[in-house]
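The values are calculated or read from the model by the stated rules, or taken from the named source; none is laboratory data. Since this is a predicted model, take the numbers as computed values, not measurements. With ligands, DNA and RNA removed, areas are computed over all heavy atoms of the protein, side chains included. Shrake-Rupley method; radii C 1.70, N 1.55, O 1.52, S 1.80 Å.
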Amino acid sequence: MAEYPQNYINYPECMFPPQVLEVNGERYRLYLARFSSLDSLYRYLKSNPSINESVFHKLASETNDYDFAGKPYKKALEDLIGPVDPGYQEFLTLQKNLSKDNVHNLHTYETVKSLQGGFLIVPSYIRGDPLCYEDRRRVKRPKFVQIHTSLSYNHMTSKSQVLNRAIILTNVVKALEKSGYKVGINAFELSEEGNELIQIAVGIKRQSSALNLEALYKTSCRVEFCRRILFRVLETMDVQRSYWGDNYGCTCSERFIRRALHLNKNDLFFDQPDRMGIMGHDLASDFRSVISYLNLEDKIDVKKAEAQFKDNYKQLIKE
């Protein structure tokens with residue numbers, strides 16, 4: 001009988017015993033890893049947890065080439081807690097430009113009568129009506145928005161698609177926050193192989209906290225996070241189907257994820273790039289596709305954003 005590493009025994013704060021999950025009438029075995037921060041993820045991998053050698057005979061986290069998987073594994077691991085690379089400043093420049101002047105005022109207002117302030121209603125004043133002023137007050141908006149974002153994507157996804165998706169995600173968060181919402185981000189990978197599922201969650205933003213741009217950049221802008229770091233976490237999990245070692249699983253669809261994780265129907269979901277219409281060739285076009293995909297046209301002015309990035313985009317995607 002094959003032996004599995006059972007890292008959940010030695011790392012109970014981030015690795016959990018497998019559990020049975022039912023989705024669409026089918027039973028799955030779910031393997032869960034949850035990290036509260038990049039530092040937590042770094043400490044786990046740096047401690048050299050046991051590899052599931054029964055399934056992963058060849059470690060793709062180390063052997064995949066640079067063009068596909070980015071920086072070597074050891075460098076990608078140290079980058080989790082190290083200073084950001086020069087590309088981060090370019091990322092900041094583009095996301096700031098995209099944010100500028102492209103957000104509609106989402107607040108709605110209602111007209112109310114008041115004792116003072118606002119505009120004087122002359123007929124009411126003459127009649128001696130105490131409520132002789134008219135004022136406009138902002139109608140309270142819903143307070144919370146949850147964004148779920150997939151950290152994995154299929155093997156055909158390009159580096160520029162990954163980058164554009166991260167920039168767009170940043171701007172959607174800022175647009176919502178500027179409009180008075182508190183935004184939470186639930187970042188995770190959910191992949192399947194047969195009747196087995198793996199979920200790897202990484203904390204990058206809570207509703208009560210500001211968006212950690214460095215964490216977003218490190219998890220979402222560079223392919224090595226998925227194809228080195230997340231692959232290595234998977235290699236330490238107790239999955240049993242041998243095909244995990246061949247293809248590292250298939251990223252689940254939004255519909256499946258919503259049902260499996262019981263997501264609220266009003267929550268926003270950032271799928272892998274191609275499913276959202278992100279092609280990686282033109283940031284403005286990709287931005288427009290995502291806003292349409294998420295039904296946010298009433299919140300963000302896409303036309304203003306398009307004009308801002310015609311000249312800047314090529315500088316950021318240089319290899």
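Listing for the model above:
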item: Karplus-derived 3J(HN,Hα), 6.51/-1.76/1.60, for each residue of the range 168-176, Hz, glycine and proline x; result: 5, 4, 4, 6, 5, 4, 5, 4, 5
item: Largest to smallest accessible area among Ile51, Ile200 [probe 1.4 Å]; result: Ile51, Ile200
item: Karplus-derived 3J(HN,Hα), 6.51/-1.76/1.60, for each residue of the range 150-157, Hz, glycine and proline x; result: 7, 8, 10, 7, 6, 5, 8, 5
item: Placed amide H near Phe144: partners under 5 Å, 5+ positions off or other chain; result: Lys182
item: Alpha-carbon Rg/Rh ratio, for the range 206-280, with Rh computed the Kirkwood way; result: 0.99
item: Residues whose placed amide H lies under 5 Å from that of Lys71, excluding near-sequence neighbours; result: Glu224
item: Amide H partners (placed H, <5 Å) of Thr236, local residues excluded; result: Asn52
item: HN-Hα J in Hz across the range 279-286 - Karplus 6.51, -1.76, 1.60, θ = phi - 60°, x for Gly and Pro; result: 9, x, 8, 9, 5, 4, 5, 5
